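Just below is one structure, and these are the notes that go with it.
No lab work stands behind these numbers, since they all come straight from the coordinates. What you see is a predicted model; the values in this text were computed from it and never measured. Neighbour counts run over all protein chains shown; Cβ positions are idealised from the backbone, glycine included.
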Amino acid sequence: QTLVDEINRDKMQANAELENAKPALIAAEEALQTITPLDIAVVRKLGRPPRLIRQMMDCVLILFGRSLKNPIRFDPELQGAEPSWESSLKV
């Protein structure tokens, strides 16, 4: 019974966290729907876009279920993963 109670508490907590996250998810989905083919074309024309745009395009790749650069490499200048810009151009 203790295990069942613990599982129910975890379930209630997970459901509460899910409800708190839903507004952000809905806002992100709505924002994604505002991206037009023209927006993508403008980004593609950038030779080497600013770091933030390259990192945001990694997020777009993930949202569209596309693969990031493999293998993911650390970029010391960015203090993080090197963006998958080449993959972004294929979106």
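For every helix of n ≥ 4 consecutive DSSP H residues, a contribution of -39,500 (n - 2.57) applies; sum these over the chain, divide by its total residues, and give [θ] at 222 nm rounded to the nearest 500 deg cm²/dmol.
That calculation yields -20500 deg cm²/dmol at 222 nm.
Out of residues 5 or more away from Ala81 or on other chains, whose amide H comes under 5 Å of its own, with H placed 1.01 Å from N in the peptide plane?
It is Asp75, by chain and number.
Can you classify the chain as rounded, prolate or oblate using the Cα gyration tensor, where a ≥ b ≥ c are the square roots of its eigenvalues, rounded means a/c under 1.5, and otherwise it's prolate if a/b beats b/c and oblate if not? Let's see the in-between values first.
On the way: a/c = 3.37, a/b = 1.94, b/c = 1.73.
Prolate, since a/c reaches 1.5 and a/b exceeds b/c.
Please find the FRET efficiency linking Leu68 to Ala41, where r is the Cβ-Cβ separation and R0 is fixed at 25 Å, and quote it to the nearest 0.05.
Efficiency at R0 = 25 Å is approximately 0.70.
For a test of understanding, tell me how many lysine pairs in the chain have Cα atoms under 26 Å apart, given they are 8 or more places apart or on different chains.
4
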